[in-house]
Structures are given as structure tokens and as C-alpha cells.
Amino acid sequence: MKQMDFTDCRVVPVVVIQKLEDTLPTLQALCDGGVPVAEITFRTACAADAIREGVKAFPDMKIGAGTVINAQQANAAIDAGATFIVSPGLSAAVAKVCEERDVPYLPGCVTPTEIMQALDLGITTLKFFPANVYGGLSAIKALSAPFPQIKFLPTGGVDLSNINEFLACDKIAAVGGSFMMKGDIRANCKKLLDTIG
């Protein structure tokens, strides 16, 4: 299974596009703020079209699809140009699509059983969601002991107040969240980059 490369993006903004016309201004704001990454969620009817528009307008941006819960959505997202797929949980069907189409898959896994299932599928970078509900950084550190090959993308409950604590852990590939999407995205991204140095 192809793995996501986070060397140049330690933060993955979770982006909900309600109206297609919001796509380009939203992605432009992220780029202007210095965070050229977006996980566009499949919670809205225009998600695939938003990914398609975004990939065309911002070819150097990492644009993926989030909240992908079945193979049909995974195929639609990849057809639209998504370069990575994120799920709230682990779907073997989505993993199969991503494996066949050579696209990184980050499934949500929070228990040892789910992590073992992911490993069986060749996946070693996992979304940890919702991080604040499932024990946060202390849970991630505990799970890392039996699974040293796993890296996590914690999402949910990560914000400017604790982001450096998460990123300091060597088991964290990156963090995800929508906290920078509220209000002035450009200013939020610049504050975020100042915070993480």
C-alpha cells in the first residue's frame, strides 16, 4: 500500500465545501497562508466536483478526500483527482480501491484490533479520530509500544493550544483538523505556522 509523504506538510486541514463556488477561494486562502494541503470531506454533495476544481486550479497543492466510507466514494474521489483518501474508520473495500489505484489510504483506527487489521492491509499511517475522545497523545504513545511501525494522524481535539505537544511525538506523522478553517483562514494558517515554527 502506498504511504502518504508528510515531510512537507505536518498539518492537514479538514475542509468542508458546502457550495462549489467556495472551493477556489478556500483553497487559495490555505495556499496564501502557507498550508498548501486540503482534505476535502465527502460530507457534501459537491465534494467530488470541489476536488476536481481544486486539483485543476492548484496542481502543486496536496488535495485529498476525507470522510470516505465506501468504495464508490473512494473511486469518485480518485477519479476527481484526490491524491490521498482518509476515512473516519477502517474499510477493507476502500483500502482495496486505494491499493489498486496506488493512492495512499489513511483509515481511522483507535484500537489494537483495528490497527492489526490495517497492518494486514499494508497500511502503516493511520488517522486517530476523534483523538480527544479516545485518549489523545497518551493513548497514541501507549498504542505505539506494541505497534512501533505505526505513525498516526490525530484529528479531533487538536488545536493551537496542544499542537506542538502532538508534533513533538515521533509517532505523529502529522495532525489534522478544521481549527484553521474558522474565520480568517489566511491569518489562522500564518498563526499556525508561527506556532509550530
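Structure values in brief
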{"quantity": "Residues of the chain: accessible area per residue with a 1.4 Å probe, Å²", "calculated": "44 Å²"}
{"quantity": "Amide hydrogen neighbours beyond the local backbone of residue 40, cut-off 5 Å, H modeled", "calculated": "15, 64, 65, 66"}
{"quantity": "When each of 62/182; 96/151; 62/141; 19/151 is checked by Cα-Cα distance, pairs over 25 Å", "calculated": "62/141; 19/151"}
{"quantity": "Computed label-point distance, nm, for sites residue 28 and residue 72 using a 7 Å Cα→Cβ extension", "calculated": "3.5 nm"}
{"quantity": "More than 20 angstrom apart: percent of Cα pairs within the chain", "calculated": "52 percent"}
{"quantity": "Mean-position separation - Cα centroids, segment 42-109 and segment 13-40, in angstrom", "calculated": "15 Å"}
{"quantity": "Theoretical FRET efficiency, 1/(1+(r/R0)^6), r = Cβ-Cβ of residue 92 and residue 19, R0 30 Å, to 0.05", "calculated": "0.35"}
{"quantity": "Contour minus Cα-Cα distance for residue 120 and residue 149 (0.36 nm per residue)", "calculated": "9.2 nm"}
{"quantity": "Choice from 65, 80, 142 with maximal GNM fluctuation in the chain (Cα, 10 Å cutoff)", "calculated": "142"}
{"quantity": "Calculated Rg and Dmax of segment 1-71 using C-alpha coordinates, Å", "calculated": "11.7, 34"}
{"quantity": "Residue 187 versus residue 160: modelled label distance in nm, points set 7 Å from Cα along the beta carbon direction", "calculated": "1.0 nm"}
{"quantity": "Whichever aspartates and glutamates have a C-alpha closer than 13 Å to that of residue 190, once near sequence neighbours (fewer than 8 apart) are set aside", "calculated": "32"}
{"quantity": "For the chain, built as a Gaussian network whose Cα springs stay under 10 Å, the top-fluctuating residue of 53, 99, 165", "calculated": "165"}
{"quantity": "Relative contact order [Cα under 8 Å, 6+ residues apart], segment 121-186, whole percent", "calculated": "33 percent"}
{"quantity": "Segment 38-135 shape via C-alpha gyration tensor axes, a/c threshold 1.5", "calculated": "prolate"}
{"quantity": "Table column - 3J(HN,Hα) (Hz), segment 189-196, Karplus curve with 6.51, -1.76, 1.60, x for Gly and Pro", "calculated": "5, 5, 5, 4, 5, 5, 5, 8"}
{"quantity": "Phi-based couplings in Hz for segment 9-25 (Karplus 6.51, -1.76, 1.60; Gly and Pro marked x)", "calculated": "8, 8, 10, 10, x, 8, 10, 9, 9, 7, 10, 4, 5, 7, 4, 5, x"}
{"quantity": "Projected label distance in nm at residue 113 and residue 169, using a 7 Å step from Cα toward the beta-carbon", "calculated": "2.2 nm"}
{"quantity": "Other-chain or far-sequence residues with amide H under 5 Å of residue 169's (modelled H)", "calculated": "none"}
{"quantity": "Volume of the Cα convex hull of segment 94-138, divided per residue and given in Å³", "calculated": "71 Å³"}
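The values are calculated or read from the model by the stated rules, or taken from the named source; none is laboratory data. Quick caveat, the model's predicted, so the values are computed rather than measured. Glycine gets a Cβ as well: all are built from the backbone with ideal geometry, and neighbour counts include every protein chain shown. The protein model used for the area step is the full one, side chains on, heavy atoms only, and it has no ligands, DNA or RNA in it. Shrake-Rupley method; radii C 1.70, N 1.55, O 1.52, S 1.80 Å.
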